[in-house]
Amino acid sequence: MSESILAEAEKLINGEKRDEYGPVQDSFKRVALYWEAYLFPNRQTFTNICPGDVAIMMILFKIAREQGSHKRDNLVDIAGYVGCLDKLYATDSSDKEFPSDVSGCNRDGKPLD
């Protein structure tokens, strides 16, 4: 019998993927900055995308794939992104770059400094 989906996801986010891409906070912050630049190129209308938003949108992306065609990998990835979101919520709240309230980053429509 193969390992459970949760065990496989745990190994990936705390091993191979962390080694390849670095800590989830750093990796998802980079993704968020690229998404902001792509979605809001003129910065006239703007919403900050936070690392937690990245995790949630990747979960939704994998759910959409799973609706189209079942693959075990989709479920492993969903579990992995949930694990990443949990790590983001566990981040020290005194860290201004990665607040523990991942949905609470700057949403006032102004770019972050």
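The values are calculated or read from the model by the stated rules, or taken from the named source; none is laboratory data. Since this is a predicted model, take the numbers as computed values, not measurements. Glycine gets a Cβ as well: all are built from the backbone with ideal geometry, and neighbour counts include every protein chain shown.
Residues to consider are 49, 56; find the one that is under 13 Å from the mean Cα position of the chain (by Cα) and modelled with pLDDT under 90. Unique residue meeting the criteria: 49. The set of residues in the stretch 7-22 that are touching a residue at least 12 places away in the same chain (Cβ under 8 Å) and either over 18 Å from residue 88 (Cα atoms) or outside any helix (DSSP H, G or I) (or both) contains only 8.
Answer yes if at least one residue in the stretch 62-81 is at pLDDT 90 or above and within 15 Å of residue 25 (Cα to Cα), and no otherwise. Yes, the conditions are met somewhere in the stretch 62-81.
Scanning the stretch 34-46 for residues that are closer than 22 Å to residue 89 by Cα and surrounded by 14 or more Cβ atoms within 10 Å (Cβ to Cβ) yields a total of 2.
Selection of the stretch 51-77 for residues being without any contact (Cβ under 8 Å) to a residue 60 or more places away in the chain, of a type in the set (A, V, I, L, M, F, W, C) and touching a helix residue (DSSP H, G or I) at 6+ places or on another chain (Cβ under 6 Å) yields 54, 55, 58, 59.
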